[in-house]
Amino acid sequence: MTLPSISEQKAILQGCLNNINHQSNLMKQCLNENNLLQGLKHCSNFLNELRTNQLSPKQYYEMYILIFDSLESLSNHLLTSHNSKVQKLKKRQQQQQQKEPGSVNTSFDNTTSPFLSDLYELVQYSGNIIPRLYMMIVIGTTYMATSEAPTKEIMKDMIEMCHGVQHPIRGLFLRYYLSQRTKHLLPFSNSIDFNETIEFLIANFIEMNKLWVRLQHQGHSSERELRYRERKELKILVGSNLVRLSQIIDDYKGNKDENYSSIVFYKTKIFPTITEQIIQCRDHLAQSYLIDVLIQIFPDDFHFATLENLLNNVFINLHPLLKKSELISTLIDRFITYNKFQSDLATEVDEKLAVTDDIKESKETQSHEQVEGEAEHFNVDVDELFTIFWNFYLRLYESDPELPMEEHSTILQFYIKLSLVYDPKNFRNLDTIYKFATENLITSDKESSDNEELWLQLLVVPIRYFKSVKDLFNLPFFHEFYLKLTNKSYQKQISLEIINKFLGISTNDELLDISPPTTDEFEYEYLTTTDEIDGIFKYLLVLIKDSQQQQLNTAKNLGIIKTIKVNNGDNGLITQEFLDIQEKFCKIIHLIENPVDPFKNLSNLMYARRKYLNKNSQNIIYTYPTLINKILYKLKIIGYMSLKLKKRNPKVDYSNQDLLITTNFKNVSIIIDELYQHHQQYSSDLILKLYLNAATIADQLKQESLAYELFNQCFIVYEENLILSSHQYNYYHHINPHDSLGGGSLPYQSILLIGNKLINSRYFNKENYESLITKLTLYGSKLLKKQDQCRSVYYCAHLWWWCENLLPPGEKSPTVNEVKAEEVSEAKTEKQPEEKVETSEDKTDEAQNADKQDDAEPEEDVDVEAGEEVEEDEESLYRDDKRVLECLQKALRVADSCMDPYLSLKLFIEILNRCLIFNVYGNALIDSRYINGLIDLITTNIDNLKTDDNEAAFNIDINDAANNGVEEDTDKEAKLFRQSRNLFDRTLSYIRDQQINENRFEGIIV
Amino acid sequence: MLTLAIGDLYIPERSVDIPSKFRKLLSPNPNSIPSNNKISEVICLGNIINSNDILKFLYNLSNSFHLVKGEFDDSQILSQQLLAISNKDKPIPLHNVIVHDNLRIGFTNGYQIVPKNDPLALSNVARELDVDILIWGGTHKVEAYTLDGRFFINPGSATGAYTFDWPEQDDAQDIEDESDLLTNSIDVEVLNEVIESDAIIPSFCLLDTQGSTCTLYIYTYLGGEVKVDKVTYTKE
Amino acid sequence: MSIFFKAPLDIDIRLDNEDTRKHVEVKTPHGRMEKLPIFKDGESVKGQVTIRTKEGRKIEHFGVKVQLFGSIETNIDGLITSEFLSLATELAAPSILSHPETYPFEFKNVEKQYESYRGKNARLRYYLKVVVSRKSSSEITREKELWVYQYITPPPPTSSITATVSKGNNNNNHNHNHNPVQTPPTTPSKDGNQTVKMDVGIEDCLHIEFEYSKSRFSLKDVIIGRIYFLLVRLKIKHMELSLIRRETVGSAPNQITDSETVVRFEIMDGAPVKGEAIPIRLFLGGYDLTPTYRDVNKKFSTRTYLSLVLIDEDARRYFKQSEIILYRDS
């Protein structure tokens, strides 16, 4: 059977349609003229078109539709004429009865029905089977629609006679017509009728399926694909029978038969017949489609009741190439939807009850019972369900060793989903799956490692679904299975999934088509025990140990992954991906938390470091700072707590806790040291900061010796690595030296950092404090560049002049206490280390002083006023006006020694501003006289530079275009000069403002 | 014109993320760029640490992103990350100045100011930069005040990252006297007190600048709720 | 014929109750339809003959008689007529007719052995013939044909035949032990009321079995049956059932057989597969069928054959015929 070409087919179809329309119109005309026999002839004529062999199923369907409508009009006509005949008869009867009231009329039944039943016989003379059967059906069903028809006989006859059409397409449409026409006429008012109707539908289904399957084998074998496609187009015709079946079952309510149960009926009657047919047809398409329909069409309860059979007797026996996983997935999806629907229902009920609860609290118990009643309704035993599925899987596994791994993977994935949705807390079932997979599916040979991607999903699904990552702890075989993945990158993917889940990073990916119970706000879970740490970190170890290197190489080769240079590019390249993972690690460290037991928390952090975090030096640099900061913070909390307790209960001995704190500080410094060992060369500035933090905390916690030692560590780091930072950190080298905030060198920055920490330390005794600040100032004075020297020295001046108390109320700083006690007696001995600075300063100092300290007289007045303001605080603040002055003097000398006059000028102005601060803060030595001297100095310098400037400008005018480079240069200088003068102007106007508004700076001449 | 000032995030070093309510508030359309069409400029005061994610988040908020280096930032990594996001190779400065109408706004992380956080030192910086508004950070405490005719803004830490500075001193504390003599077990109450007194409240600021006036909106996140305060500054 | 000769007499034969008697329409050899009264075997033939003279003339005759004939005409080598029945009654003695005269007649309980039949090469007819003898010219005759049906009381009651007769579930579990080769039909038993089963096939190609409810059918009957496909290797396109009437005249070697397909009826569309059972239902009442006549007076027979035809995709036809007995049912 070869079909004509497409264009020919179109022409043929058009011809058919035209003829149908034509004949159909003729038929209607005849019917209007009450010429029934002629009408039937036309009907038969257009039905003859359905005998064609030359159209595709789609085109045939088009024709079918047209014919269907025409036949409907015939049916309507017959029905109306039937009814009018009945009417007439009734009338005549009534008249007869009126005439002869006594006689009982018997001819009623005999005379009404024959009209249609005669027609039913008449059309059977039609010589061709297709028109004959269509006419039989249209008349038969019309007859069925009347009240006195022998419905069941007609049904049986029609379905029996349909056997005559064995041509697949024509047969399918014919039987579809039968099913469409009978749709609303099937009797099911009592159990006998119901049973026969069911038989009718099943019979039609079976025959249609046979025809459908047979279509595959029609025609030449080269058209197999075409046939397959055609069959797909026709599948709905077959499926419609099952739909109808399901509706009938649904509609039939048992009719007084109390023992009737639709589930039982389905289980004993429908299911076996249908599934047998599905198995018997041994057709791939039919099986996959019909099983799908079966699953979709019938209610879930039915499937629960027949599940075991469906799996073990049906699925197992299907076409070996049919993907069982698809069927399983449909089925499980169905169950999952069911579950979701039921639980939605339950919550709705809950909500409703909640409302009523509010109103009538007394009825609380009653309504709770109701809830339970509702809940029972969908109480499916997960274990039982799972066991059935699981046994099926085992059978499948044994019966089909060739089953592809994709199938295994998909099926197990759906099992996991099922278990998760029905009972997320049921870990036994999940673990069964992982156990089996670990032991049977995953092997270390080559082939299986190719399949590993499949297994990934098995592991990912529960991670995403679980409410808590910690649920994984209940699945010992999850980890076993995870370990069996030989491809590290898959392990990493899983590990990342775990991290993401833990951190609440949503991976919006269509993979998880079941959505876990949603929570509005993500709440972090804490790892509070070492077991929990182990539970999570055992998955993270692969990311720690097996990081970076080979990944980077492949990336290089492919040139895909963007890299980031670290350590100024000296053999330092990392990927952003690596950084991202490190970032996540750090976040996990934050989740090692125990809000109620900081001691435990500390030991856990230490545990995590020892066991996991120190496994790879690459990671250490990115994870340790977090770890160290976290430990320090916890120490801070513990320390403050301990201080508070001590204060409250002075008699109690807290040495135990003290010891603990000391130990932990030592531990911290060991950790910092470990980081230092690994990353000394490139990350010493970071390490310095960590030490500084530790030192700060130690000081706050009154651990003076620890704090002192930690500051010393800072100096060691400084001396060992930062003092000569030629190899690193040239990031801000291009910065303009005029810019006081711009940066400067790394050692300069380090000094500022240390300085800022020292300024805020309060619990050193004076001796230690001064030794530290003196040392720092000395470092500052030895920096390479003049501007760095100058600035660090004037900044260091602040170390001798505290402005804030910082301590808790009632606390006194030991630094200050000693000042009081020692100032009188031991001041001399302290001077020793400082003198080094002083002596070097003094030489130039005197020269400068000669210029500036001309009028020192008004100093006293200012001092008194300022003194009064700060009187109360002064006691608790460490202040040494002389040392401040010394520092400023030193800064002036350095500024003066600059080769660049513009830079000198800028630095002078900066020092002036610094002096203003000290003046406000009440340093008696930085008085108006001193400041006036400084202003004079600056003014003189400006004047000097002005002439230079003018000269330069003049020179440029002469040289004009000849010397562009010079022009730019001097231009730049001019700009700097202008900026400095502007700053100076702003400073002066600030002074003026303050004089007016705040009564400050009295005596300063602007 | 709205400008966001935000800083001291410390992700991941001291904090996991900014509060999700802040995220939603700042980025109403997370999938478009810019993700907030009301904010015209973002000023970040540094201490982002290595979180590319949060950098991207801040960068995508508006069409203009200004970043200064924070104390703990690794300028090398940060600048390369920013390069990858923005395709513009610019060094990350320690301070910067932008001009809105009549207002010059300077900003810096402030860790290189000695003494850190000292009002006079800050005033000095403002004078040097010749700005009307100085935004600084590094203290994790949100504050805003006018001094000597200039406006000083510290937007605090958007994540509430902890610091190692001295805790804020609360005078009214420690009057109660409990005779709880348990030595080695932890007194949860005391623990909580300590944690509370040391807690940092997540915050950021929005500057609405117009002419010579800046209206500052201070957003804080306390007890799961976002609170907004308003301060207005007008340049004389 | 005599009408055209302007015979001086009008002869009119009227049967009793002719108006109410059942008639049958049959085709004349000229193709026209004529209506004939129906008589049964053993039924008396009764009526009147009326003779009128034309235009009041007086006609002398030598006597009037009425005859009843039964004859068979065959056409093998020319027309041969043989009578198997001949009855006569004198109606009037020789006299002169001047007024119309009416003579009643009656043949009592005439045995009519055969049915009337008009086939292609054979005819069987019954007719009345009135002869008025005259001395000079030839006699004046008048004929009137009767149509005789022989009703056979139906054999022990079969299932009542309605429009929805189909009975019996088509269970496919027939155990067939037949040879796949062609086998003759099982001869219908005398009463012909048993089901007829046939098992036919082409070796390794087709094997079917068919079954009719019986082999004797009344003319208003329905043929019911089914066809089982036991082996199908042919590419069948469709299947038909036809009824063939076969008339045989004369005896061997001078025998002429004529076949005519009376009914052609498609019973299957498309190719069945092994195990299919195709139902057969053919209403006979609507067709013009002839009961089975066997060796009517050793002159001719008509038989009806049921033929099952399979047509394959290459339009080859495979068929199997079997005779069915038709009879007239009252």
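Between the amide H of C:Leu91 and those of C:Val64, C:Lys65, C:Val66, distances stay under 5 Å, these residues lying 5 or more places away or on another chain, with hydrogens modeled in the peptide plane. Straight-line cross-link reach from A:Lys324 at under 28 Å between alpha-carbon atoms covers these lysines, not counting any fewer than eight positions away in the same chain: A:Lys210, A:Lys232, A:Lys235, A:Lys267, A:Lys269, A:Lys340, A:Lys417, A:Lys425, A:Lys435, A:Lys446, A:Lys484.
Applying both filters, DSSP loop and at most 13 other Cβ atoms within 10 Å, to the trypsin sites (Lys or Arg not before Pro) of the stretch C:284-330 gives C:Lys298, C:Arg316.
The phi torsions of the stretch A:181-190, fed into the Karplus equation with coefficients 6.51, -1.76 and 1.60 and a -60° offset, translate into couplings of 5, 7, 2, 9, 10, 5, x, 8, 7, 9 Hz, rounded to whole numbers, with Gly and Pro shown as x. How charged is the neighbourhood of C:Asp10? Take every other residue with its Cβ under 9 Å from the Cβ of C:Asp10, and add Lys/Arg as +1 and Asp/Glu as -1. That sum, taken over residues with Cβ under 9 Å, equals +2. Using all pairs of distinct alpha-carbon atoms, the Kirkwood hydrodynamic radius of the stretch A:592-799 works out to 18.3 angstrom. Backbone geometry of the stretch A:921-936 corresponds, through the Karplus equation with coefficients 6.51, -1.76 and 1.60 at θ = phi - 60°, to 3J(HN,Hα) couplings of 6, x, 7, 5, 7, 8, 9, 5, 5, 4, 5, 4, x, 5, 5, 4 Hz, x marking Gly and Pro. For the set B:Lys21/B:Lys227; A:Lys636/B:Lys227; C:Lys40/C:Lys108, the pairs lying more than 19 angstrom apart at their alpha carbons are A:Lys636/B:Lys227. In chain B, helices alone account for a calculated mean residue ellipticity at 222 nm of -6500 deg cm²/dmol, with every DSSP H run of four or more residues adding -39,500 (n - 2.57). Taking amide H positions as modeled 1.01 Å from N, with prolines and chain starts lacking one, the residues under 5 Å from A:Leu527 and 5 or more places away or on another chain are A:Ile592, A:Glu593. Across the stretch C:112-129, coupling constants 3J(HN,Hα) worked out from phi with the 6.51/-1.76/1.60 Karplus curve, θ = phi - 60°, read 10, 5, 10, 8, 5, 7, 10, x, 6, 10, 9, 9, 10, 9, 10, 8, 9, 10 Hz, and Gly and Pro carry x.
Of all DSSP-defined beta bridges confined to chain C, some 95% are antiparallel rather than parallel. In the structure displayed, which of A:Lys488/B:Lys90; A:Lys785/A:Lys946; A:Lys630/B:Lys116; A:Lys58/A:Lys253; A:Lys587/B:Lys235 lie more than 32 Å apart, Cα to Cα? Long pairs (Cα-Cα over 32 Å): A:Lys488/B:Lys90; A:Lys58/A:Lys253; A:Lys587/B:Lys235. Placing dummy labels 7 Å off each Cα toward the beta-carbon, the span from B:Val228 to C:Thr50 is 12.4 nm. With contacts taken as Cα pairs under 8 Å and at least 6 residues apart, chain B reaches a relative contact order of 20 percent. Close amide H partners of B:Leu67, meaning residues 5 or more places away or on another chain with modelled amide H under 5 Å apart, are B:Cys44. Relative to the longest principal axis of chain B, what angle (0 to 90°, nearest 10) does the C-alpha long axis of helix B:188-198 take? Rounded to the nearest ten degrees, it is 30. Pairs with C-alpha atoms separated by more than 20 Å, drawn from the list C:Lys46/C:Lys298; A:Lys647/A:Lys702; C:Lys197/C:Lys299; A:Lys41/A:Lys156; B:Lys56/B:Lys88, are C:Lys46/C:Lys298; C:Lys197/C:Lys299; A:Lys41/A:Lys156. For C:Gly225, the shell of other residues with beta-carbons less than 10 Å away shows a net charge of +3, using +1 for Lys and Arg and -1 for Asp and Glu. The fewest-to-most ranking of A:Ile588, A:Ile388 by surrounding Cβ atoms within 10 Å reads A:Ile388, A:Ile588. The region of chain C that goes longest without hitting one of the GluC sites (Glu not before Pro) in a DSSP loop, each with at most 13 other Cβ atoms within 10 Å, is C:204-312. Counting charges near C:Ser251 (Lys, Arg +1; Asp, Glu -1) among other residues having Cβ under 9 Å from its Cβ returns a value of +1.
Bear in mind these aren't lab numbers, they're just calculated from the coordinates by the rules spelled out. Everything quoted here is computed from the prediction, not taken from an experiment. All Cβ positions, glycine included, derive from the backbone under ideal geometry; neighbour counts span all protein chains shown.
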